[in-house]
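Asker: Structure incoming, see below.
The values are calculated or read from the model by the stated rules, or taken from the named source; none is laboratory data. Not measured: the values here are computed from a predicted model. Cβ placement follows ideal geometry from the backbone for every residue including glycine, while neighbour counts extend to all protein chains displayed. These area figures cover heavy atoms from the full protein model, side chains too; ligands, DNA and RNA do not enter into them. Shrake-Rupley method; radii C 1.70, N 1.55, O 1.52, S 1.80 Å.
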Amino acid sequence: MPNKVPPLIGAHISIAGGFCKAIERAQALGATTMQIFTKSSRSWFEKPISDDEVKAFKKALKQSKLKKIMAHSSYLINIASTNPETEKNSATALKHELKRCEQLGIPYLVMHPGSHLGAGEQEGIKKICKNLDKILAQASGTTKILLETMAGQGTNLGHTFEQIKSIIANCAHKKLLGVCLDTCHIFAAGYDIRTEEAYKKTIKQFAQIIGIRKLQALHLNDSKTGLDSHKDRHESLGEGHIPRTTFKYIMQDKRFAKIPKILETPDPNLYAKEINMLNRMAQ
Ligand SMILES: [Zn+2]
Ligand SMILES: [Zn+2]
């Protein structure tokens, strides 16, 4: 049975020229949601967002068709770092990013849980929880942090559903934590989704370990590398190791009907085509 509600599909959109430009770009692609960076993803610093910018963005967003938009945090952030300075800078940067989302009225901030850098899974998870709790204790509550499922490159944490579960379970502010499932990442981490049977089994595992209610966003990316490759290499839909039909299972999955789905595929010139394809698959 097809889903009745119009699907929420979008992509990662550039904020070049201002936050309102991103809304225009997303709408031009036929998107109904989007993901942005609220600052340069490769810098520790940012200029504050002015009240005028906030006002204009909120107004434009309200007038647009975009819903349940999200921000992605900077790639520099590692709140599990063994280097005290990096850990401190990361926690501060994440706190600032959360504030920016709250200012702009963005309900979700997606983050990579962190890399333990050799200290081990337990130590890494402990640090992540300690820092998340510190940050979330000061949060206004309007923006949730979504832990992204990872490919398991290097010492990245969050590449098993158990690790994500453990982070949430050990945080005092569980209500402000959710999960963003990335199809490329889970596939590269070893969760097969290539056949309907494999897809069902993987989502069942997710449901049993983390819980479907915790799933608040999906990143729809194909993978340049194979199952269990532990490499984070996105590919355009249908061009990589994940069959096109897998994206149809997702689009037809009633449990995900109201969950925003974001493309982070490598060619933004294909976004409009990919959004159109996903829309058709949902019908
Ligand atoms: Zn992602
Ligand atoms: Zn990725």
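Asker: Considering every pair of different Cα atoms, what Kirkwood radius, in Å, is found for segment 58-119?
Answerer: 12.9 Å
Asker: Then there is this: Using 0.36 nm times the number of residues separating Lys258 and Ser140, minus their current alpha carbon distance, what extension gain do you get?
Answerer: 40.1 nm
Asker: Just how many % of Cα pairs in segment 51-91 lie over 17 Å apart, if you round to the nearest whole percent?
Answerer: 55 percent
Asker: Just how far, in whole angstrom, is segment 45-65 from segment 174-207 if you go by their alpha carbon centroids?
Answerer: Using only Cα atoms, the two centres lie 33 Å from each other.
Asker: Towards the positive end of the charge dipole of the chain, with charges on Cβ (+1 Lys, Arg; -1 Asp, Glu), say which of His96, Ala189, Pro113 has the farthest Cα.
Answerer: His96
Asker: Sticking with this one: Given an 8 Å cut-off on Cα distances and at least 6 residues of separation, report the relative contact order of the chain as a percent.
Answerer: 19 percent
Asker: For every helix of n ≥ 4 consecutive DSSP H residues, a contribution of -39,500 (n - 2.57) applies; sum these over the chain, divide by its total residues, and give [θ] at 222 nm rounded to the nearest 500 deg cm²/dmol.
Answerer: Mean residue ellipticity at 222 nm (helix-derived): -12500 deg cm²/dmol.
Asker: For segment 9-282, with only Lys/Arg (+1) and Asp/Glu (-1) charged at the beta-carbon, what is the dipole magnitude about the Cα centre, in debye rounded to 20?
Answerer: Here segment 9-282 has a charge dipole of around 1020 debye.
Asker: Would you work out which of Leu176, Ala60, His219 lies farthest towards the positive end of the dipole of the chain? Charges go on Cβ: Lys and Arg +1, Asp and Glu -1.
Answerer: So the residue we want is Ala60.
Asker: Suppose R0 equals 25 Å; then what is the FRET efficiency for Ser14 and Trp44 from their Cβ-Cβ distance, rounded to the nearest 0.05?
Answerer: With a Förster radius of 25 Å, E is 0.80.
Asker: Checking a compactness column here: for the chain, what do you get for Rg(Cα) / (2.2 N^0.38 Å), N being the number of residues?
Answerer: 0.95
Asker: Right, another one. When the Cα centres of segment 235-253 and segment 254-278 are compared, how far apart do they sit, in Å?
Answerer: For segment 235-253 versus segment 254-278, the Cα centre distance is 10 Å.
Asker: Tell me the carbon and sulfur percent of the accessible area for the chain, rounded to whole percent, probe radius 1.4 Å.
Answerer: The computed percentage sits at 53.
Asker: For segment 117-273, just run the numbers: alpha carbon Rg, then divide by 2.2 N^0.38 Å, N being how many residues it has.
Answerer: Compactness ratio reported: 1.04.
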